[in-house]
1. With a/c under 1.5 counting as rounded, go ahead and sort region A:44-128 into rounded, prolate or oblate using the C-alpha gyration tensor (a ≥ b ≥ c being the square roots of the eigenvalues; past the cut-off, prolate if a/b is larger than b/c, else oblate).
2. Could I have the simple spin-label model distance between A:Arg14 and A:Ser189, label points 7 Å from Cα toward Cβ, reported in nm to one decimal?
3. So, in nm, how far is label A:Asp57 from label A:Ala27 when the simple model puts each one 7 Å beyond its Cα toward the Cβ?
4. With the other protein chains left in place, how much accessible area per residue, in square angstrom, belongs to region A:44-128 at a 1.4 angstrom probe?
5. With the crude spin-label approximation of a point 7 Å out along Cα→Cβ, what separation in nm comes out for A:Glu179 versus B:Leu34?
6. Quick one: buried accessible area between A and B, total over both chains, 1.4 angstrom probe, nearest 100 Å²?
7. Among the lysines in the protein assembly as shown, how many pairs, 8 or more places apart or on different chains, have alpha carbons under 26 Å apart?
8. Cα centroid distance between region A:157-210 and region B:4-35, in Å?
Amino acid sequence: MAETAALAHVNGLRAARRSPASHLAEAFAAGSVPGTVTLKEIPYQAMVGIRVERTSDAGTRLASVAGGLPATCGEVTGTGSVNALWLGPAEFLIVAPEESHDSLGGSLIGDLTAALGADEGQVVDLSANRTTFELSGSRARAVLEKSCSLDLHPRTFKAGTALATEIGHIPVVLWKTGEETFRLFPRASFADYLGRWLVDSMREYASPEVP
Amino acid sequence: MLLISCPNCGPRDETEFHYGGQAHVAYPENPAALSDREWAEYLFYRDNTKGAFAERWVHSTGCRQWFNMLRDTVSYEIQSIYRMGEPRPDAAPAGTATITTSPEGAQK
């Protein structure tokens, strides 16, 4: 009963919650060029930081809950909505929909914590640490290439790859979810800066191309 | 800008990394037995090598792991990148890995 009451309380607060780039929603919509490049925020995704040795018993248990843990840089594991991104040799980021957070009736963090048990490692709720931007469209890569030094050409950077790098001089996790779709995970405090930076980078595609 | 090959992530721009100073400076076995001068030398005095220099770097916006690099301080050529705990790969004369000279070249 107590848990149900707490849940109702949390859901009451949900309407008052503001995502890190919520004030830019209009700017994102105005700056997007449908069919060419669009930018939107996907707020409140559940994220869990995991630090564990992959090959240990705890790593195996956590992998079974998370749908696998990636072995090398860039790899993303998981199927459907729960995915694990490689951040370091023993550090991973689980990204899942908002509803899987324990405070909203899910059980992701509780399950991961239980899987780790008393073994060496960490399971930390990082849902408020980063927000998610989705940049998509035929010019999405061109927008990113202005401020990211990675080789983003599809022959090197394939869909289903995620890399921690710098975009616009700030640390960002860049996940290519589709051929023309990128998800960017900036820290919450950088969301305003990166949002404005990307809108600025997108501006030229709203004008007719100069031959 | 240097293009540094992180042992975990591959080649990345220098701006993703942070410098960690001279590598292979061993922690004193018995710090309490050191004189103030020896302790200060351990803490603050580092080689100022012209040529191949072993140094530590961390890939701070990538995998956040430390590694060692052998870099030429004149040409900036990266001669070797190796993991923490591994010995310096070039045939360096014994003794260069630890601080043997006193500050200002004073006699011990």
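The values are calculated or read from the model by the stated rules, or taken from the named source; none is laboratory data. None of these values were measured; they are calculated from a predicted model. Here the Cβ is made from the backbone with ideal geometry for all residues, glycine too, and neighbour counts use every protein chain on show. Calculation scope for accessible area: heavy atoms of the full protein, side chains included, ligands and nucleic acids excluded. Shrake-Rupley method; radii C 1.70, N 1.55, O 1.52, S 1.80 Å.
1. oblate
2. 2.9 nm
3. Once both label points are built, they end up 5.2 nm from each other.
4. That works out to 42 Å² per residue.
5. That separation, rounded to one decimal, is 6.0 nm.
6. Roughly 1000 Å² of accessible surface disappears when A and B pair.
7. Within the protein assembly as shown, the lysine pair count is 7.
8. Result: 31 Å between the Cα centres.
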